[in-house]
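One structure is given below, encoded as structure tokens.
FYI, it's all coordinate maths here, none of it is from the lab. Treat the numbers as computed from the prediction; the structure is a model and nothing was measured.
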Amino acid sequence: MNTTEQLHSVFSRAFEIPVETINDQLEYQGIAEWDSMSHLVLVEELERTYNISIDMEDILDMGSVEKIKNLLKKHGFEIN
């Protein structure tokens, strides 16, 4: 599984939505499933999947798929 597929899979698990519905334009509160509670589930899934710890500043800034890709790059994961 490539890193983009893996990231989309994380979103799919966190929000319980089909992986096909996830794209780089997806944003916080852009869909009903991405609310404040599911945002925390997303953080947990990201930390578990990538074995990282995300600090509070980054959690607050994770407002889109694109921003999360940048966060993962900061942790050494190259996302296409």
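Given H placed 1.01 Å from N in the peptide plane, which residues other than close sequence neighbours of S64 have an amide H under 5 Å from its amide H? For S64, the qualifying residues are Y28. Through the Karplus equation 6.51 cos²θ - 1.76 cosθ + 1.60, θ set to phi - 60°, convert the phi angles of segment 49-59 into ³J(HN,Hα) values in whole Hz; use x for Gly and Pro. Result, ordered by residue: 5, 9, 6, 10, 10, 9, 7, 4, 4, 5, 4 Hz. Compute the Rg/Rh shape ratio of segment 3-74: radius of gyration over Kirkwood radius, all on alpha-carbon atoms. Across segment 3-74, the Cα-based Rg/Rh ratio is 0.90. Helical content of the chain, expressed as a calculated mean residue ellipticity at 222 nm, amounts to -16500 deg cm²/dmol (DSSP H runs of 4 or more residues, -39,500 (n - 2.57) each, divided by residue number, nearest 500).
The phi-based Karplus calculation (6.51 cos²θ - 1.76 cosθ + 1.60; θ = phi - 60°) puts the 3J(HN,Hα) values of segment 23-39 at 8, 5, 7, 5, 10, 3, 6, x, 10, 4, 6, 9, 10, 5, 6, 5, 4 Hz, whole numbers, x for Gly and Pro.
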